[in-house]
Amino acid sequence: MALRQIVYLPEPILRKKTKPVTKFDKDLQVLIDDMVETMREAPGVGLAAPQINLPMQLAVVEYAEGEDDEENEGKELPKKLYVLINPEITKVSDEKVVGIEGCLSIPGLVGEVERHEAIQVKALNRHGQPFKIKVNGWMARIFQHEIDHLHGVLFTDKATRVWKPSEDENEETPLD
Ligand code: NI
């Protein structure tokens, strides 16, 4: 496995639409493993292919539900890893929630973004098999942020407020 170079704004690839993945070969497996390693190293809870300069419909997400809750501080919560290939959001909740997001490709900025509280996604796994998943809460936020990346959309496009967190302010919640 190897770390991949993360690209930053204003790198044009971050604004491009991506292409569906059609080959589920060995190279793809290596790429996915590299993306997981790069996400963990960053560290982030998600990484989309355009963020490593590849125009592909591929993202990885790894997050432990509840890891940002105060009551879970210091606890090792089980993390869930998802590989999303050619993902599509098929259902969204009417309920929306506001949360603070950041992005590995936009260092030093965070923003307040409204997202659907719950979504249903259909995608392919790393072997090309289709699956459907319902996610809510913070996991749904991460999924929406990553799927936006695959359409050239960044959190700053949707944010109602964007700011640079100061060091002593504990407002930063980097997403990917
Ligand atoms: Ni991002």
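Put M1, M35 in order of accessible area, highest first, and with a 1.4 Å probe you get M1, M35.
Computed with every protein chain present, the accessible area of T22 is close to 120 Å² [probe 1.4 Å]. Each Cα pair under 8 Å and six or more residues apart adds its sequence gap; the mean of these over the residue count of the chain is a relative contact order of 26 percent. Within the range 12-163, antiparallel bridges make up roughly 95 percent of the DSSP beta bridges whose residues both belong there.
Using a probe of 1.4 angstrom and keeping all protein chains present, the accessible surface of the chain works out to 55 square angstrom per residue. Within the range 36-71, what residues put their amide N at less than 19 Å from the label point 7 Å along the Cα-to-Cβ vector of D25? Taking a point 7 Å out along Cα→Cβ of D25, the residues of the range 36-71 whose backbone N falls under 19 Å are 54-58.
Only helical runs count toward this figure. For the chain, summing -39,500 (n - 2.57) over DSSP H runs of n ≥ 4 and dividing by all residues gives -5500 deg cm²/dmol at 222 nm.
What shape does the range 12-163 have by the C-alpha gyration tensor, where a ≥ b ≥ c are the square roots of the eigenvalues, rounded means a/c under 1.5, and otherwise prolate means a/b greater than b/c and oblate the rest? Note, shape of the range 12-163 comes out rounded. For the range 1-62, the share of accessible area belonging to carbon and sulfur comes to 54 percent (1.4 Å probe, ligands and nucleic acids excluded). Over 28 Å between Cα atoms, which of K16/K75; K16/K79; K17/K134 qualify? Among K16/K75; K16/K79; K17/K134, the Cα-Cα distance tops 28 Å for K16/K75; K16/K79. Compute the Cα gyration tensor for the range 63-114, then decide on rounded, prolate or oblate, letting a ≥ b ≥ c be the square roots of its eigenvalues: rounded whenever a/c is under 1.5, prolate when a/b is larger than b/c in the other cases, and oblate in all that remain. Judged from the Cα gyration tensor, the range 63-114 comes out rounded (a/c under 1.5). Rounded, prolate or oblate for the range 84-126? Axes are the square roots of the Cα gyration tensor eigenvalues, ordered a ≥ b ≥ c, and the cut-off for rounded is a/c under 1.5. In terms of gyration-tensor shape, oblate. The residues D68, D27, D94, sorted by heavy-atom accessible surface at 1.4 Å with ligands and nucleic acids left out, run D94, D27, D68 from largest to smallest.
Based on Cα contacts under 8 Å between residues 6+ apart, the range 1-91 shows a relative contact order of 29 percent.
The values are calculated or read from the model by the stated rules, or taken from the named source; none is laboratory data. Note that the structure is predicted; figures quoted are calculated from it, not measured. Heads up, the Cβs are rebuilt from the backbone with ideal geometry, glycines too, and the neighbour counts pull from every protein chain shown. Calculation scope for accessible area: heavy atoms of the full protein, side chains included, ligands and nucleic acids excluded. Shrake-Rupley method; radii C 1.70, N 1.55, O 1.52, S 1.80 Å.
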